[in-house]
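In what follows, a single structure is set out as structure tokens and then discussed.
The values are calculated or read from the model by the stated rules, or taken from the named source; none is laboratory data. None of these values were measured; they are calculated from a predicted model. Ideal geometry is used to build each Cβ from the backbone, glycine not excepted, and the neighbour counts take in all protein chains shown.
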Amino acid sequence: MIVDKCNVLEDCRIINFPKVTDFRGNLSFIEENKHVPFEIKRVYYLYDVPSGATRGGHAHKKLQQLVIALSGSFDVILDDGYNKRKFFLNRPHYGLYIPCKVWRELENFSSNSVALALVSEFYEESDYIREYGDFKKMVENGWR
Ligand code: TYD
């Protein structure tokens with residue numbers, strides 16, 4: 001499953017991972033290009049997020065990612081420049097796929113939450129759009 005065209009809010013979706021249940025505890029796993037529709041070039045995680053803090057607040061030109069609530073819970077608000085969708089993540093056996101060209105905000109982190117991100121690109125600041133006004137202009141210009 002490879003997705004290289006990406007932009008719309010409709011492409012944002014919850015992806016369920018395999019879950020191996022066991023009396024010793026559960027186990028989930030994620031394989032690139034199978035459970036995640038891209039090659040994983042980078043992994044990062046948010047932790048020790050203070051109550052009331054908001055993360056994200058940007059869009060990406062090219063980068064796709066999958067966000068998982070490894071522990072605790074938080075909301076992800078996605079915005080394609082016209083419409084918004086809100087997702088509540090609170091279990092480690094599913095994740096939210098976010099294609100490129102989508103503005104995202106992560107908020108309402110519970111205490112001790114950990115947000116894991118699997119990412120399609122190495123870190124590159126030039127891939128970020130950090131001003132909402134710039135994002136709106138790019139949406140209105142069809143990302144040209
Ligand atoms: P940023 O992506 O703005 O965080 P978030 O969207 O989760 O709120 O990144 C915050 C800072 O960390 C910024 O200075 C860039 C740096 N950073 C890296 O150096 N490497 C990375 O992989 C990431 C995600 C961020």
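To keep it simple, each residue is scored yes or no on (1) within 16 Å of the ligand (Cβ to nearest atom); (2) under 23 Å from residue 142 (Cβ atoms); (3) loosely packed, with under 12 Cβ neighbours inside 10 Å; (4) aromatic (Phe, Trp, Tyr).
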site: 19; (1), (2), (3), (4): no, no, no, no
site: 32; (1), (2), (3), (4): no, no, no, no
site: 83; (1), (2), (3), (4): no, yes, yes, no
site: 101; (1), (2), (3), (4): yes, yes, no, no
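Kindly evaluate residue 135 against the criterion of being aromatic (Phe, Trp, Tyr), at pLDDT 95 or above and not in a helix (DSSP H, G or I). So residue 135 fails the test. Considering segment 1-109, the qualifying strands (runs of 3 or more DSSP E), each wholly inside and each with 1 or more residues that are closer than 24 Å to residue 130 by Cβ and hydroxyl-bearing (Ser, Thr, Tyr), run over 42-46, 94-98. Of the residues examined, residue 28 is not one that is modelled with pLDDT of 95 or more, away from the ligand (no atom under 16 Å from the Cβ) and within 16 Å of the chain's Cα centre (by Cα). Scanning segment 104-144 for residues that are hydrophobic (A, V, I, L, M, F, W, C) and either more than 14 Å from residue 61 (Cβ to Cβ) or within 11 Å of the ligand (Cβ to nearest atom) (or both) turns up 106, 109, 114, 115, 116, 117, 118, 119, 122. Against the numbered list (1) assigned to a loop (DSSP other than H, G, I, E, B); (2) farther than 25 Å from residue 18 by Cα; (3) over 14 Å from the mean Cα position of the chain (by Cα), residue 112 comes up short only at (2). Restricting attention to segment 125-142, the residues being small (Gly, Ala, Ser) and over 14 Å from residue 79 (Cβ atoms) number 2. Just one residue in the set 75, 79 is within 15 Å of the ligand (Cβ to nearest atom), touching a residue at least 40 places away in the same chain (Cβ under 8 Å) and among the acidic types (Asp, Glu); that residue is 79.
A quick yes/no check of all residues on (1) hydrophobic (A, V, I, L, M, F, W, C); (2) modelled with pLDDT of 95 or more; (3) out of contact with any helix residue (DSSP H, G or I) (no Cβ under 6 Å at 6 or more places or on another chain):
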{"site": "47", "(1), (2), (3)": "no, yes, yes"}
{"site": "57", "(1), (2), (3)": "no, yes, yes"}
{"site": "60", "(1), (2), (3)": "no, yes, no"}
{"site": "63", "(1), (2), (3)": "yes, yes, no"}
{"site": "87", "(1), (2), (3)": "yes, yes, yes"}
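In segment 48-62, is there at least one residue being over 30 Å from residue 137 (Cβ atoms), touching a strand residue (DSSP E or B) at 6+ places or on another chain (Cβ under 6 Å) and hydroxyl-bearing (Ser, Thr, Tyr)? No: segment 48-62 contains no residue that is over 30 Å from residue 137 (Cβ atoms), touching a strand residue (DSSP E or B) at 6+ places or on another chain (Cβ under 6 Å) and hydroxyl-bearing (Ser, Thr, Tyr). Is it the case that residue 67 is out of contact with any Phe, Trp or Tyr (no Cβ under 8 Å at 6 or more places or on another chain) and either polar (S, T, N, Q) or touching a residue at least 12 places away in the same chain (Cβ under 8 Å) (or both)? Yes: the conditions hold for residue 67.
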